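The values are calculated or read from the model by the stated rules, or taken from the named source; none is laboratory data. Everything numeric in this text was worked out from a predicted model, so none of it was measured. When we count neighbours, we look across all protein chains shown, and the Cβ atoms used for this are built from the backbone with ideal geometry, even at glycine. With ligands, DNA and RNA removed, areas are computed over all heavy atoms of the protein, side chains included. Shrake-Rupley method; radii C 1.70, N 1.55, O 1.52, S 1.80 Å.
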Amino acid sequence: LFAQNRIEVSGGELRFSKLVLEDSGMYQCVAENKHGTVYASAELTVQALAPDFRLNPVKQLIPAARSGKVIIPCQPRAAPKATILWTKGTELLINSSRVTITTDGTLILQNISKSDEGKYTCFAENFMGKANSTGILSVRDATKITLAPSSADINVGENLTLQCHASHDPTMDLTFTWSLDDLPIDFDKSEGHYRRASAKEAVGDLSIFNTQLKHSGRYTCTAQTVVDSASESATLTVRGPPGPPGGVVVRDIGDTTVQLSWSRGFDNHSPIARYIVEARTLLSSKWKQMRTNPVNIEGNAETAQVVNLIPWMDYEFRVLASNILGVGEPSLPSSKIRTKEAAPTVAPSGLSGGGGAPNELIINWTPTLRDYQNGDGFGYILSFRKRGTEGWLTARVPRAESLHYVYRNESIGPYTPFEVKIKAYNRRGEGPESLTAIVYSAEEEPKVAPFRVIAKAVLSSEMDVSWEPIEQGDMTGVLLGYEIRYWKDGDKEEAADRVRTAGLVTSAHVTGLNPNTKYHVSVRAYNRAGTGPPSPSTNVTTTKPPPKRPPGNISWTFSGSTVSIKWDPVVAKAEESAVTGYKMLYRQDSHSAPTLYLASKNQLDIPVPEDFTHAFVQIRVTGPGGDGIPAEVHILRNSGTSMMVEDSVTRPVPHAVVVTTNSLAMVALIRYLEL
């Protein structure tokens with residue numbers, strides 16, 4: 001077999017030349033070494049077929065555009081490969097300037113004209129036989145762009161329409177496609193930026209809304225039919241704020257300055273006018289514009305000094321570029337740096353004091369914020385002396401969060417004025433000193449009691465207390481006010497209730513007392529050190545409570561522009577205070593302001609407007625013990641006279657009674673309500 005020189009084994013490959021049908025069969029490859037043997041098999045099938053167009057005939061109707069090019073494949077099934085010939089009608093075609101027959105049998109016609117229409121037949125032949133297949137070439141009008149898009153230059157956010165009109169063979173459908181920098185535009189994924197401007201078949205205009213920088217580039221409009229296409233392009237330039245600068249580097253770090261450098265970003269088709277430097281600290285995530293040297297950083301600069309920084313503070317920096325169209329995106333933040341330490345530059349604030357125990361001076365201040373500490377080892381230095389003396393005493397408070405200092409000395413008298421100053425320090429030095437403040441040492445309780453205390457019962461549960469004040473000269477401190485103590489007869493003073501006033505007020509109104517009860521009352525002055533001695537106590541007895549029974553048997557009559565309301569008198573019981581009169585609260589409706597009427601007897605005449613329809617009325621007794629429980633009446637008017645009788649004592653639960661006559665409808669609601 002190998003002697004025939006058609007089969008060759010080379011490097012593990014089995015090669016055949018000039019195959020014949022007898023070469024068909026199973027072939028096995030054997031590989032072996034000292035470790036063993038492996039096998040691999042394959043089947044070779046040698047075919048011999050006459051040309052056959054049944055699977056791939058020449059297309060029956062072949063449309064082509066005038067002046068265009070058409071490619072007609074000829075791909076019969078054949079083994080061995082068939083020889084291909086082409087004819088137009090009876091004319092044998094050969095390669096020329098307009099006709100090309102490729103090695104695989106494909107026919108290519110170029111610069112097509114109407115005379116090229118006709119029947120084209122592909123002939124295929126091998127030693128097994130021959131076959132042919134025919135198609136008809138139909139020449140159509142070429143597709144042409146009649147209105148091409150024009151290049152444009154716009155700003156970010158503006159809208160634009162790129163025009164594209166075309167002519168084509170009317171027997172064929174025309175479609176338009178657009179691409180940006182050779183990438184097809186997907187209208188469904190454009191987020192509303194791209195839209196087709198017209199539904200007309202010959203118009204393919206592209207509208208671009210709210211243009212962004214990413215929309216810059218080369219736009220190509222393609223008008224296409226099944227036989228040909230035509231394209232035209234235009235360039236769109238979208239101008240916008242500059243892109244972010246790059247590579248922000250911090251160097252030459254001082255206590256209040258650093259030097260920044262950066263690389264220029266894209267100008268986005270509009271020259272960079274200036275740069276802005278921003279920074280943030282560990283105290284805030286908000287970026288703030290910083291002062292720089294130079295103050296205005298020109299667009300051609302790539303370095304600047306940042307000034308007025310806080311010493312001993314962690315910073316990040318970023319740079320923004322701007323042009324006539326706005327400020328661009330910021331650069332990435334720089335690496336975090338810490339400025340160098342420096343002595344404090346701001347004096348602590350809020351210097352005050354006072355209070356405490358005897359022989360103490362308490363000095364308070366507002367702790368200095370981290371922004372103003374300027375370095376490690378932060379603390380405070382206090383200077384103080386009695387007002388009018390020469391020498392200063394000093395004290396160090398070595399904690400930044402401290403907010404007060406206590407100085408104790410037996411020589412410190414009560415409420416003695418001291419001059420006090422404060423300054424901050426850290427390991428770099430001391431800062432400026434504050435202004436001098438006057439702080440007083442601890443006060444003593446008042447030594448003098450108020451006098452001429454008068455207590456007067458006002459109602460069954462209330463009383464008014466007044467007194468003569470103590471003189472400020474009798475105080476070793478600041479009078480904060482007075483404390484009223486009151487207790488029931490028979491109780492101990494230690495169980496007394498207390499009410500405090502503020503400032504120089506010399507009277508108080510006390511509530512929440514028990515009716516018809518004797519009370520003892522005393523008054524003391526107080527300051528920050530405590531309360532002083534009591535005044536001599538005085539006595540007061542609260543009045544009896546008002547009658548619990550509301551007015552009953554309420555009736556009313558209308559006469560012209562007046563309604564006359566009557567009720568049964570209320571008689572006080574032995575444990576109740578006397579009735580000295582009645583109060584009536586009158587409202588035209590639920591939204592109007594009420595009017596208060598006072599009556600010494602059990603009757604009142606109320607003026608009403610001519611268009612009066614209804615009113616709400618509350619009636620209650622009044623006397624030394626205060627006001628009683630009200631009876632509430634809702635009056636509805638038609639005409640005439642009527643009377644409603646209601647026993648509120650025997651029916652304490654709120655309810656309604658309706659009495660109707662030929663002339664008047666009335667609804668009476670008796671409620672236990674506060675006026």
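Couple of notes before you dig in:
- Lone unmet requirement of (1) part of a strand (DSSP E or B); (2) buried (at least 16 other Cβ atoms within 10 Å of the Cβ) for Thr235: (2)
- If the condition is being in a strand (DSSP E or B), farther than 30 Å from Leu21 by Cα and hydrophobic (A, V, I, L, M, F, W, C), then the range 109-134 contributes only Leu109.
- Whether a residue is open to solvent by less than 20 Å² (accessible area, probe 1.4 Å), closer than 26 Å to Arg528 by Cα, in contact with a Phe, Trp or Tyr (Cβ under 9 Å, 6 or more places away or on another chain) and among the acidic types (Asp, Glu) was assessed, and Glu483 passes this test.
- Whichever residue in the range 332-365 is farther than 17 Å from Thr281 by Cα and of a type in the set (Ser, Thr, Tyr) and, among such residues, is most open to solvent (accessible area, probe 1.4 Å): Thr345
- In the set Glu646, Glu576, Glu632, only one residue is closer than 18 Å to Pro551 by Cα, modelled with pLDDT under 80, of a type outside the set (S, T, N, Q) and surrounded by 14 or more Cβ atoms within 10 Å (Cβ to Cβ); that residue is Glu646.
Yes/no matrix, rows are residues, columns are (1) over 27 Å from Glu360 (Cα atoms); (2) small (Gly, Ala, Ser):
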| residue | (1), (2) |
| --- | --- |
| Asp489 | yes, no |
| Val499 | yes, no |
| Thr511 | yes, no |
| Asn514 | yes, no |
| His520 | yes, no |
| Ala525 | no, yes |
| Ser535 | yes, yes |
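- Strands (runs of 3 or more DSSP E) within the range 38-93 that include 3 or more residues open to solvent by less than 60 Å² (accessible area, probe 1.4 Å) and closer than 11 Å to Cys122 by Cβ: 83-88
- Reported count of residues in the range 98-108, each being assigned to a loop (DSSP other than H, G, I, E, B) and either open to solvent by less than 30 Å² (accessible area, probe 1.4 Å) or more than 19 Å from Val139 (Cα to Cα) (or both), is 5.
- Filtering the range 171-195 to residues that are in contact with a Lys or Arg (Cβ under 9 Å, 6 or more places away or on another chain), among the hydroxyl-bearing types (Ser, Thr, Tyr) and open to solvent by 30 Å² or more (accessible area, probe 1.4 Å) leaves only Thr171.
- Qualifying residue in the range 528-541 (condition: within 30 Å of Ile454 (Cβ to Cβ), touching an Asp or Glu at 6+ places or on another chain (Cβ under 9 Å) and aliphatic (A, V, I, L, M)): yes
- Filter pass, Ala50 being closer than 29 Å to Met26 by Cβ, touching a strand residue (DSSP E or B) at 6+ places or on another chain (Cβ under 9 Å) and either outside the structural domain of Asn126 (by the TED database) or hydrophobic (A, V, I, L, M, F, W, C) (or both): yes
- Scanning the range 431-459 for residues that are β-branched (Val, Ile, Thr), assigned to a strand (DSSP E or B) and open to solvent by 70 Å² or more (accessible area, probe 1.4 Å) yields a count of 2.
- Among (1) in contact with a Ser or Thr (Cβ under 7 Å, 6 or more places away or on another chain); (2) closer than 27 Å to Leu332 by Cβ - the single one Pro294 does not satisfy: (1)
- Any hit, the range 196-207, residues being open to solvent by 50 Å² or more (accessible area, probe 1.4 Å), in contact (Cβ under 8 Å) with a residue 40 or more places away in the chain and outside any loop (DSSP other than H, G, I, E, B): no
- Scanning the range 460-472 for residues that are under 57 Å from the mean Cα position of the chain (by Cα) and not in a loop (DSSP other than H, G, I, E, B) turns up Glu462, Met463, Asp464, Val465, Ser466, Gln472.
- Members of the range 581-602 found to be polar (S, T, N, Q) and surrounded by 11 or more Cβ atoms within 10 Å (Cβ to Cβ), listed by number: Gln588, Ser592, Thr595, Asn602
- Residue ranges of strands (runs of 3 or more DSSP E) in the range 298-392 with at least 2 members in contact (Cβ under 8 Å) with a residue 12 or more places away in the chain and farther than 30 Å from Glu410 by Cβ: 303-307, 314-323
- The set of residues in the range 311-331 being within 30 Å of the chain's Cα centre (by Cα), surrounded by 17 or more Cβ atoms within 10 Å (Cβ to Cβ) and farther than 26 Å from Ser270 by Cα consists of Met313, Tyr315, Glu316.
- Selection within the range 238-251 - closer than 27 Å to Ser270 by Cβ and assigned to a strand (DSSP E or B): Val238, Arg239, Gly246, Gly247, Val248, Val249
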